[in-house]
Amino acid sequence: MVILGHGLGATREMRLDAFAERFAQAGIAALAFTYRHFGDSSGKPRQLLSIRRQLADWDAAIDFVKGRRDIDGTKVAVWGSSFGGGHSITVASRHPELKAAVAQCPFTDGLASTVALGPLASLKVLPLVARDCLSMITRREPAMIPLAGLPGSLALMNAPDALPGYQALLPPGTTFRNEVAARVAPTIMAYRPGRSVKTIAYPILFCISDTDTVTPPEQTERYARTAPRGEIKHYDAGHFEFYLGEPFEQLVSDQIEFLTRHLLPAGARS
């Protein structure tokens, strides 16, 4: 069994289902979920990103699959992409009973990502953060900030491929909203899941985009090399290209090989 969680503000319909389907076809049961406050999951206010609550959602998903009689609860892996890739690292470090983990173009260091975004862009976010914190105190609707925007615009991500990258993942009728409560910005900057990589004793696969504009690949590589049983694969594809076309085919093939090796008995491997 592999549990899949997505990136910043994204929902499971944004190509997590494609990965899950391919894993299932390879004989690996898969569960893709959407974090609370987003998409068709419950939770108010809407579009609130809490790292603590999202990690609790991972814990709940793990408990759920372990409680199923039709699942071997001793052979569970976690799979995360982008911000969810950072979560998969954190979750793996907290759950030594798991068998494997996959971190795809993972967010590993908030400080490094902030530097990549640029100090001026980070400063532009502060007034919105203050306004949203005030709305929390006064119990008003959150002040929102776009998740992805055009270069130079006010957004958590404004690399040239960020906005079109998100838009390319949207299926018809999606529940995705390109905004999040601004109060999360400081916690993202302070979140450094890569630091816990060295504590993960079981196999973890790092799929790194060599042209990543969102999660600096050099920093990811440095953290990945501290994993006792880490495996590293590099791809000549952008952060948002991992979900579609040839990059997707290569990624999912490599991930299936890794997951079958560590989750399925030798006799069940194709």
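Where a number appears in this text, it was derived from the coordinates with a stated rule and is not lab data. Computed from a prediction, not measured in an experiment: that's the story for all the values here. Please note: Cβ atoms are built from the backbone with ideal geometry, for glycine as well, and neighbour counts cover all protein chains shown.
Multiply the residue separation of Ser41 and Lys66 by 0.36 nm, subtract the distance between their alpha-carbon atoms, and state the gained length in nm to one decimal. Please report the intermediate quantities before stating the final value.
Values: separation 25, 0.36 × 25 = 9.00 nm, distance 2.09 nm.
Using 0.36 nm per residue and subtracting the Cα-Cα distance, I get 6.9 nm.
If each residue's Cβ is checked for other Cβ atoms within 10 Å, how do Lys44, Lys75, Lys66 rank with the fewest at the top? Can you show the working numbers first?
Working: Lys44 8, Lys75 18, Lys66 14.
The fewest-first ordering by Cβ neighbours comes to Lys44, Lys66, Lys75.
With angles folded into 0 to 90 degrees, how steeply does helix 119-137 sit against the dominant principal axis of the chain? Use alpha carbons for both and round to 10. Once rounded, one gets 80 degrees.
Counting Lys and Arg as +1 and Asp and Glu as -1, each charge on the Cβ, what is the dipole of region 222-262 about the Cα centre in debye, to the nearest 20? All intermediate terms of the calculation are to be shown ahead of the outcome.
Values: 5 positive and 7 negative charges, 83 e Å.
Here the size comes out at about 400 debye.
Using only DSSP helix segments of four residues or longer, with each worth -39500 (n - 2.57), what per-residue ellipticity at 222 nm results for the chain after dividing by its residue count and rounding to 500? Calculated at 222 nm, the ellipticity per residue is -12000 deg cm²/dmol. Could you work out how far helix 83-94 tilts from the main Cα principal axis of the chain, as a 0 to 90 degree angle to the nearest 10? Taking Cα atoms only, the helix is inclined about 60 degrees. Residue-wise HN-Hα couplings along region 45-62, as the Karplus relation 6.51 cos²θ - 1.76 cosθ + 1.60 with θ = phi - 60° gives them from phi, are x, 6, 6, 9, 9, 10, 4, 4, 6, 5, 5, 5, 5, 4, 4, 5, 5, 5 Hz; Gly and Pro carry x.
For the modelled label position 7 Å from the Cα of Leu264 along Cα-to-Cβ, which residues of region 56-95 have backbone nitrogen atoms closer than 18 Å? From region 56-95, the list is 71-79.
For the chain, find the longest principal axis of its Cα atoms and tell me its angle to the long axis of helix 16-25, 0 to 90°, nearest 10. Value to nearest ten degrees: 0.
Selection among Thr213, Val184, Ser196 by position relative to the dipole of region 159-270 gives Ser196 as farthest towards the positive end (Cβ unit charges, Cα centre). Give the separation of the Cα centroids, region 37-98 to region 152-192, in Å. Rounded to whole Å, the Cα centres lie 20 Å apart. Only one of the values (1) 90, 63, 40; (2) 60, 47, 30; (3) 58, 38, 37 was calculated from this structure for Cα extents along the principal axes in Å; name its label. Checked against the structure: label (3).
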